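K.L.:
Quick one: the structure is below, and I'll ask about it shortly.
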Amino acid sequence: MTTSTEHVTYGNTVCGIDGASLQITGCRFSASPMCDNFVDILMNAIAQTDTSKIWSDTDEMSTVYRGRDIHVVDAVRAFFTGAEQPNVHMTMEATFSKGCPGDRDADVYLDENDELANAHMRNKHFPVRAKIALYPMGVDDYMHHIAHVVNHAIDARIYSHTAHYNTYLAGDVQDIFDYIAWTVNYCGSNIHHY
């Protein structure tokens, strides 16, 4: 008796053409507070983040937010600033994405209102170091887009240095997330899939 194994297929689609027809931005992230009570810190940050304008799901490894770009960045900013604790070192890895041919019109809330649900979290300030790696997919001039995004960090005065596979940033948490919001908006407007 032979058994067949099912494999996935994404067809012969071009990046950003097939897949979701809606303008869905997504972010999957994992945070790691370096302390014994990390579970409480993470669960409290999730609980205090207003996700009424996005779709969200948390599993044992990470959290995903999906919706309009402004609301996804707003919720990730609120989670990160809510998880920050004085004297606790924390890292967070986040992947923002839009236009994947394998995406689908599901698990999303696309609120038409531009009012941010977590605007109050913009009042919290602390220094952070960050890194960004941009991967424009399906475009021939991808280096132009990467340079444009890095140059915006230089102009915003949050650029630290470039290293293998990423660009380092440093500054106030609000300046870093303003830059992320700008980058997500720029990429969503100029690149089919990133």
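The values are calculated or read from the model by the stated rules, or taken from the named source; none is laboratory data. Worth saying up front: this structure is predicted, and the values here are computed from it rather than measured. When we count neighbours, we look across all protein chains shown, and the Cβ atoms used for this are built from the backbone with ideal geometry, even at glycine. For the accessible areas, the whole protein counts, side chains as well, though only heavy atoms, and no ligand, DNA or RNA atoms are used. Shrake-Rupley method; radii C 1.70, N 1.55, O 1.52, S 1.80 Å.
K.L.:
Can you say what percent of the DSSP beta bridges in the chain, counting only those with both residues inside, are antiparallel? Round to 5. List each step's numbers first, then the result.
P.N.:
Working: 29 of 30 bridges.
About 95 percent, rounded to the nearest 5.
K.L.:
Now a separate question. Long-range amide H contacts for Ser160: which residues qualify at under 5 Å (H placed 1.01 Å from N, peptide plane, sequence gap of 5 or more or a different chain)?
P.N.:
Tyr168, Leu169, Ala170
K.L.:
List the longest stretch of the chain that has no exposed loop site; here a site is one of the trypsin sites (Lys or Arg not before Pro) assigned by DSSP to anything other than H, G, I, E or B, with at most 16 other Cβ within 10 Å. Present the calculation step by step, with values, prior to reporting the outcome.
P.N.:
Numbers: sites that count: Arg104, Lys124, Arg157.
It runs 1-103.
K.L.:
Non-local amide H neighbours of Asp50 (under 5 Å, H modeled in plane, Pro and chain starts lacking H): which ones?
P.N.:
Residues meeting the amide H criterion: none.
K.L.:
Over the Cα atoms of the chain, what is the Rg over Rh ratio if Rh follows Kirkwood?
P.N.:
Details: Rg = 17.8 Å, Rh = 17.9 Å.
That ratio equals 0.99.
K.L.:
Then there's this: What's the extension gain from Glu115 to Thr5 if we count 0.36 nm per residue and subtract their Cα-Cα distance?
P.N.:
Numbers: separation 110, 0.36 × 110 = 39.60 nm, distance 4.71 nm.
Here the segment from Glu115 to Thr5 would lengthen by 34.9 nm.
K.L.:
Once ligands and nucleic acids are excluded and a 1.4 Å probe is used, how much of Thr81 is accessible, expressed in Å² to the nearest 10?
P.N.:
For Thr81, solvent-accessible area is about 0 Å².
K.L.:
Tell me what the chain gives for mean residue ellipticity at 222 nm when only DSSP H runs of n ≥ 4 count, each as -39,500 (n - 2.57), the sum divided by the residue total, rounded to 500 deg cm²/dmol. Each step should come with its number before you reach the end.
P.N.:
On the way: 4 runs with 58 residues, N = 194.
-9500 deg cm²/dmol, from helical runs alone.
K.L.:
With a 1.4 Å probe and every protein chain left in place, tell me how much accessible area Met34 has, in Å² to the nearest 10.
P.N.:
110
K.L.:
While we're looking at this one, here's another question. Report, in whole Å, the centroid distance computed from the Cα atoms of the range 31-73 and the range 113-147.
P.N.:
Their Cα centres are 17 Å away from one another.
K.L.:
Can you pull the percent of the range 58-194's accessible area that's carbon plus sulfur, 1.4 Å probe, other chains left in place? Don't jump to the answer; show the numbers that get you there.
P.N.:
On the way: 3820 of 7520 Å².
Roughly 51 percent, rounded to a whole number.
K.L.:
Here's another thing I want to ask about it. Spin-label point model (7 Å from Cα, Cβ direction): what's the Asn151 to Val88 distance in nm?
P.N.:
Modelled inter-label distance: 4.1 nm.
K.L.:
Right, here's the next one. Probe radius 1.4 Å, ligands and nucleic acids left out: which of His125, His7 has the largest accessible area, and how do the rest follow? Mind showing how you got there, number by number?
P.N.:
On the way: His125 115, His7 155 Å².
My answer, sorted largest first, is His7, His125.
K.L.:
Still on this model: Taking only protein heavy atoms and a 1.4 Å probe, what accessible area per residue, in Å², does the chain have with all protein chains in place?
P.N.:
On the way: 11620 Å² over 194 residues.
Per residue, the chain has 60 Å² of solvent-accessible surface.
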